[in-house]
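**Student:** This is the structure, below, for whatever I ask next.
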Amino acid sequence: MRRLASGGTMFVALVPALMAAPAVAVAQESGCPLGGTCVPAPEPVELPEPAAQWRASIEYGHVQFVESATSIDPWHTVSAEIARRGSGATVIGRANWARRFGEDGVQIEMDAYPRISPRFYAYLNAGFSGADIFPDYRLGGELYANTGAGTEASLGIRRLEFGVTGVTIYTGSAGIYRGNWYVSARPFVTPKDEGTSVSGILLVRRYFATAESYATLLVGAGSAPTEAPLEFEVRRADTRRIGAYGRTPLGGRLGLRWSAHYEHEELTRQDDRGRVSVGLGLETRL
């Protein structure tokens, strides 16, 4: 078990994974904005893919805790990534730096979104870190199927290890496209010693002129972790979350990533509290 610096408080639990989803087409969004909990949605097959095969981005995320009797310093996160989109797969390398509970840490991870066949696609993730505020390593995989008539479905698993503790999260999704709209529902199921916890996220996305211009609204509830960065969050009794994120073209090869979220946590060993999260990033096609 690990001790995180925050007035000597010991946080003991398990850590969930960063969730992501591959695209129905080869075109693929690279991940979740840093400002809060979200699950990226695929891009609809009818929207054109950008011509550039390489993309680079940098993002900053800020988390402010509110409505809490315990004073917690804001969290800061900076992520830099580079992605290559090919005819058979998209591969993404990412470095994350974070400061939480008075500690700094770096995590290195890689995502891959391989095309298996015209109907099936996959998501693979691997990451590692030597810092207490990240898992020692994490692994993830998910298989997606284009089920026809503008629908898709998936099944996946995430595994994270923190020292001698670990957590396995089972997930999946069901999505539907209608015009420039995409709607997806995703559950998370986490077996624990004290019982199995469940949560879910409903996501609605609107695409605009291109596949790189969109806005997303999400709502979620439940006790299972979705994108919790630290061990103690697995033991939350319940959460409610609402947020929005998206990408806005700035002209040429540049794009702006943005996000804003609010989450209310009901904690089992501490007071209830809220989180206000914002994120801002700049992306360029190379």
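The values are calculated or read from the model by the stated rules, or taken from the named source; none is laboratory data. Bear in mind that the values here come from a model prediction, so they are computed numbers and not experimental data. Quick reminder, even Gly has a Cβ in these numbers, built from the backbone with ideal geometry, and neighbours come from all protein chains shown. The accessibility values were calculated without ligands, DNA or RNA, using every heavy atom of the protein model including side chains. Shrake-Rupley method; radii C 1.70, N 1.55, O 1.52, S 1.80 Å.
**Student:** Working only within segment 101-120, note down all residues that are open to solvent by 20 Å² or more (accessible area, probe 1.4 Å) and assigned to a strand (DSSP E or B).
**Tutor:** Of everything in segment 101-120, those that are open to solvent by 20 Å² or more (accessible area, probe 1.4 Å) and assigned to a strand (DSSP E or B) turn out to be 103, 104, 106, 108, 110, 112, 114, 115, 120.
**Student:** Identify, from the list 203, 139, the residue that is within 25 Å of residue 255 (Cβ to Cβ), in a strand (DSSP E or B), under 14 Å from the mean Cα position of the chain (by Cα) and hydrophobic (A, V, I, L, M, F, W, C).
**Tutor:** The match here is 203.
**Student:** Suppose we keep only residues that are under 28 Å from residue 179 (Cα atoms) and crowded, with 16+ Cβ neighbours inside 10 Å within segment 47-65. Which one would you say is modelled with the highest pLDDT?
**Tutor:** Top of the filtered list is 55.
**Student:** Kindly evaluate residue 215 against the criterion of being in a strand (DSSP E or B), open to solvent by 40 Å² or more (accessible area, probe 1.4 Å) and at pLDDT 90 or above.
**Tutor:** Considered against the rule, which asks whether it is in a strand (DSSP E or B), open to solvent by 40 Å² or more (accessible area, probe 1.4 Å) and at pLDDT 90 or above, residue 215 comes out as no.
**Student:** Is at least one residue of segment 126-136 closer than 24 Å to residue 91 by Cα, assigned to a strand (DSSP E or B), in contact (Cβ under 8 Å) with a residue 60 or more places away in the chain and out of contact with any Asp or Glu (no Cβ under 6 Å at 6 or more places or on another chain)?
**Tutor:** No, because not a single residue in segment 126-136 is closer than 24 Å to residue 91 by Cα, assigned to a strand (DSSP E or B), in contact (Cβ under 8 Å) with a residue 60 or more places away in the chain and out of contact with any Asp or Glu (no Cβ under 6 Å at 6 or more places or on another chain).
**Student:** Checking the conditions here, which among 87, 129 is open to solvent by less than 60 Å² (accessible area, probe 1.4 Å) and either of a type in the set (Ser, Thr, Tyr) or modelled with pLDDT of 95 or more (or both)?
**Tutor:** Details: 87 fails: open to solvent by less than 60 Å² (accessible area, probe 1.4 Å).
Testing whether each residue is open to solvent by less than 60 Å² (accessible area, probe 1.4 Å) and either of a type in the set (Ser, Thr, Tyr) or modelled with pLDDT of 95 or more (or both) leaves just 129.
**Student:** Restricting to segment 142-159, and then to whatever is of a type in the set (Ser, Thr, Tyr) and open to solvent by 30 Å² or more (accessible area, probe 1.4 Å), can you tell me which residue is nearest to the chain's Cα centre (by Cα)? Talk me through it step by step, then tell me what you get.
**Tutor:** Within segment 142-159, the subset of a type in the set (Ser, Thr, Tyr) is 144, 147, 151, 154.
Narrowing the set further to residues that are open to solvent by 30 Å² or more (accessible area, probe 1.4 Å) leaves 147, 151.
Values: 147: 24, 151: 22 Å.
The selected residue is 151.
**Student:** Quick one: would you say residue 80 is part of a strand (DSSP E or B) and surrounded by 21 or more Cβ atoms within 10 Å (Cβ to Cβ)?
**Tutor:** In short, no.
**Student:** Could I ask something else about it? Out of segment 221-278, which residues are at pLDDT 85 or above and either aromatic (Phe, Trp, Tyr) or touching a helix residue (DSSP H, G or I) at 6+ places or on another chain (Cβ under 7 Å) (or both)?
**Tutor:** Result: 245, 258, 262.
**Student:** Every residue in segment 239-285 that is among the hydroxyl-bearing types (Ser, Thr, Tyr) and open to solvent by 50 Å² or more (accessible area, probe 1.4 Å), please. Quick ask: steps written out before the conclusion?
**Tutor:** Taking segment 239-285 first, the residues among the hydroxyl-bearing types (Ser, Thr, Tyr) are 239, 245, 248, 259, 262, 268, 277, 284.
Listed by number, the residues that qualify are 248, 262, 268.
**Student:** Here's something else I'd like to know. Take the residues in segment 180-207 that are touching a Leu at 6+ places or on another chain (Cβ under 8 Å) and free of Cβ contacts under 8 Å to residues at least 40 places away in the same chain; name whichever of them is farthest from residue 219 (Cα to Cα).
**Tutor:** Within segment 180-207, the match that is farthest from residue 219 (Cα to Cα) is 183.
**Student:** Here are 198, 167: which of them is out of contact with any His (no Cβ under 6 Å at 6 or more places or on another chain), surrounded by 16 or more Cβ atoms within 10 Å (Cβ to Cβ) and assigned to a strand (DSSP E or B)?
**Tutor:** Exactly one of 198, 167 is out of contact with any His (no Cβ under 6 Å at 6 or more places or on another chain), surrounded by 16 or more Cβ atoms within 10 Å (Cβ to Cβ) and assigned to a strand (DSSP E or B), namely 167.
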